[in-house]
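First the structure, in the form of structure tokens, and then the observations on it.
All of the numbers you see were taken from the coordinates with simple rules; none came from a lab. The structure presented is a predicted model; accordingly, all values stated were derived computationally and were not measured. Positions of Cβ are backbone-derived with ideal geometry, glycine not excepted, and every protein chain shown enters the neighbour counts.
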Amino acid sequence: MGEKIGYARVSSRSQDLAIQITALTKAGVEAEHLYSEKVSGTKREGRVQLESMLERGLRKGDTLVVTRLDRLARSSRDLHNIAHILEKKGVALQVLEQNIDTTSKEGRLFFAMLSAFSEFETVIRMERQREGIDAALARGKDNPFRGRPPTIRSEEVAKLRQEGLTPSAIAKKLSIARSSVYRVLTQAL
């Protein structure tokens, strides 16, 4: 039997981790196996303790304990990715307030259903996105994938260069970046 590893997170510096830490400790997580941080959960970047725990803090047979799913992941995609990591490592998940425990067959079933809904949601989103892309491409000249229209007229840059203006002077006269002038002149060669 592995260790119970706890993860606690609050979104802002003014919030307190004490309630979560107390609940995790009561659930059997020892202090040396507790990861906690005060950082927004909307993005995975910057969640140093979560990444450290997922990479080095979990071993096969361990159980990850959190108070609520939203402390671990803020989107179904993020939850699905974390669940995949846990499954690959052979780590169970226990969510105290939502009564999810993947060490039991009922908990695994419930979590599998959550994962299935997440996967279904992803497939539906991809289908809608593909339909939108296909519809945009079918419109022809209004194709949104052409990029925005150029704001720099290369003929004007070339004319000013032929008149003897330096790239810096051209950039100043046209109110554009000097690097844009160089790019236009290089493309014209």
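Things to note:
- For the chain, built as a Gaussian network whose Cα springs stay under 10 Å, the top-fluctuating residue of Ala27, Ala169, Ala136: Ala169
- Mean separation of Cα contacts under 8 Å, 6 or more apart, over the residue count of the chain: relative contact order %: 15 percent
- Listed options for Rg and Dmax of the Cα atoms in Å are [x] 19.1, 61; [y] 16.0, 49; [z] 26.9, 81. The value calculated from this structure is the one marked [z].
- Computed about its Cα centre, the charge dipole of the chain is approximately 960 debye, with only Lys, Arg, Asp and Glu carrying charge at their Cβ.
- Global geometry of the range 24-112, whether rounded, prolate or oblate, following the gyration tensor of its Cα atoms and the 1.5 cut on a/c: rounded
- Peptide packing: for 87-95, 153-161, 64-72, the average count of neighbouring Cβ atoms within 10 Å per residue gives the ranking 64-72, 87-95, 153-161, highest mean first.
- Charge tally in the Cβ shell below 14 Å around Leu69, where Lys, Arg are +1 and Asp, Glu are -1, Leu69 excluded: +1
- Relative contact order computed over the range 1-98 (Cα-Cα under 8 Å; 6+ residues apart), in percent: 33 percent
- For the chain, built as a Gaussian network whose Cα springs stay under 10 Å, the top-fluctuating residue of Gln15, Gln162, Gln49: Gln162
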